[in-house]
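Heads up, the thing below is written out as structure tokens.
Laboratory data are not the source of any read-out in this text; all were calculated from the coordinates shown. Quick caveat: nothing in here was measured; it's all calculated off a predicted structure. No Cβ is skipped: glycine too gets one built from the backbone with ideal geometry, and neighbour counts run over all protein chains shown.
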Amino acid sequence: MQIFSQIVLGEWLRSFLKTFFVLFTIVFVGNIVSEFLRDAASVEDIFQNFILEVPQWMGKVVPISCLGASLFSIYKLKMTNALISLFSLGQTRKDFVLVIVSAAFFVVLIEFFIGGYIHPLSRILRKDWIQKSSHFRGHKKGGLRTRTMSSGLIWYKSKNYFAHFSYYDRAMKKLNKLSIFYFSKNGLLNKIIRADSAEHFKGETWRAVKVVIYSFMDKKRFPEIKRFDDFLLTLSEDPSNFENIESDVHELDVWELKKYVQKVEKLGIDASEFKVLFYEKFSTPLICFIFSVMPLSGIFNPSRRGHSIGKTVIFLVVFTFAFWFMYSSTLTLGSNGKMTPIVGAFGVPVICLIYVLIMAMKNRNLTE
């Protein structure tokens, strides 16, 4: 059994690494060439930017590599008659499946760690690096310097104050649960303005409701408190400055993102976009597993007749494009609220999983 596992696992890992290398090379060349054509930065900056973007590509490269690993390893074992030889020596198809499932489970854990922790960290590092880099002009974006906290608050620094809010409604151009903190020239907190919401009025003027203003907080006495049902605020920002602030949500690791989603839901706000982002942290590793076991039906026909490398490659390309097209579409529908977020994230993978289970049940008598 040990020799059997080494043969099957070794061939699967070799196929995985070869597929990964080919896909990674395609991504690398495409990214580097496009940046050189833009002529937006130095060679050093271009390579550094690519390294920081690698975790983002892993969500596509690793699942496809799992599919390629199973397809090409089974093809190789068939072409060398190794598959028939292994089965004739007493090894079962069930043994073969268990080896691949074990390898797939290991890849699932790696992909979950990359998507849940490494990718958010890389986005933080990349944003900080771009802000400090004077050469990577093509990737600098205007807007506020913000930081999203797991408490559900989005913080940003303006010219003469700090502020945070819970959510920005793009459709209504409204900030929810807004707080503004003003500091004196001595660096002491001297004024706080809190509002349930602030809707854009015109220019840099915002109409706030249920406002509480705390003044003279840097004095050696109790602050002055004023309340208003309706109040016009002057902010240094207009709606265009808040358009892309939600991108900071991508910088939260998987469990901080869960807390953020729960916080947004408690505010009575539609959190579909953030739920899909959270569910995607789990659906991508699931896809890795499904792609690893989907081609295993090929072991029930160990003969090499009717099989060619061309058919294997064509299947890999066609299936990959079809799957990611449908998967991306359901993610978009889930984010837009046109589909339940959990269905948007898991719908297509679960359909593929059902197919795998049907094939397993169909061939269950051959697994022993």
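Here are some notes:
- Mean residue ellipticity, 222 nm, helices only, the chain: the sum of -39500 (n - 2.57) across DSSP H runs of n ≥ 4, divided by residue count and rounded to 500, is -19000 deg cm²/dmol.
- Using the alpha-carbon positions of the chain, Rg (one decimal) and Dmax (whole number) come out as 26.8, 90 Å.
- Selection among Leu125, Phe36, Met79 by position relative to the dipole of the chain gives Leu125 as farthest towards the positive end (Cβ unit charges, Cα centre).
- Within the shell defined by Cβ-Cβ distances under 12 Å, the residues around Phe113 carry a net charge of -1, with Lys and Arg each +1 and Asp and Glu each -1.
- Within the range 151-170: backbone nitrogen closer than 18 Å to the Phe183 label point (7 Å, Cα to C-beta): 155-165
- Calculated FRET value between Ala360 and Glu44, using beta carbons and R₀ = 41 Å, to 0.05: 0.20
- The lysines within cross-link reach of Lys362, meaning a Cα-to-Cα straight distance under 18 Å and a gap of 8 or more places when in the same chain, are Lys94.
- Amide N proximity, the range 8-40 versus Trp324 label position 7 Å along Cα-to-Cβ, cut-off under 18 Å: 16-35
- Projected label points at Asn81 and Lys60, each 7 Å from Cα along the beta carbon direction, are separated by 4.2 nanometres.
- Karplus-derived HN-Hα couplings along the range 352-357 (A = 6.51, B = -1.76, C = 1.60, θ = phi - 60°), whole Hz, x at Gly and Pro: 5, 5, 4, 4, 4, 5
- Coarse-grained scattering of the range 146-243 at q = 0.17, 0.21, 0.25 Å⁻¹, given as base-10 log I(q)/I(0) from a Debye sum over alpha-carbon atoms: -0.76, -1.12, -1.42
- The translational diffusion coefficient of the range 1-132, from Stokes-Einstein at 10 °C and 1.306 mPa s with a Kirkwood hydrodynamic radius over alpha carbon pairs, comes to 93 µm²/s.
- Averaging Cα coordinates gives a centre for the range 58-117 and one for the range 170-200; these two points are 54 Å apart.
- Potential lengthening of the chain between Phe216 and Ser88 amounts to 37.4 nm, from the contour at 0.36 nm per residue minus the alpha-carbon distance.
- Stokes-Einstein diffusion coefficient of the range 1-77, Kirkwood radius over Cα pairs, 37 °C, 0.692 mPa s, in µm²/s: 233
- Cross-link pairs Lys259/Lys338; Lys174/Lys210; Lys259/Lys281; Lys173/Lys210 - those with Cα-Cα distance over 20 Å: Lys259/Lys338
- Taking the longest Cα principal axis of the chain as reference, the axis of helix 93-113 is set at about 20 degrees.
- Toward the positive end of the charge dipole of the range 146-243, with +1 on the Cβ of Lys and Arg and -1 on the Cβ of Asp and Glu, the farthest Cα among Ser184, Ala195, Phe242 is that of Ser184.
- Counting 0.36 nm for each residue step from Leu13 to Thr25 and taking away their Cα separation leaves a gain of 2.5 nm.
- Paramagnetic reach from Val350 (point 7 Å along Cα→Cβ, amide N under 18 Å) across the range 311-332: 326-332
- The magnitude of the dipole of the chain, with charges of +1 and -1 set on the Cβ of Lys/Arg and Asp/Glu and taken from the Cα centre, is near 320 debye.
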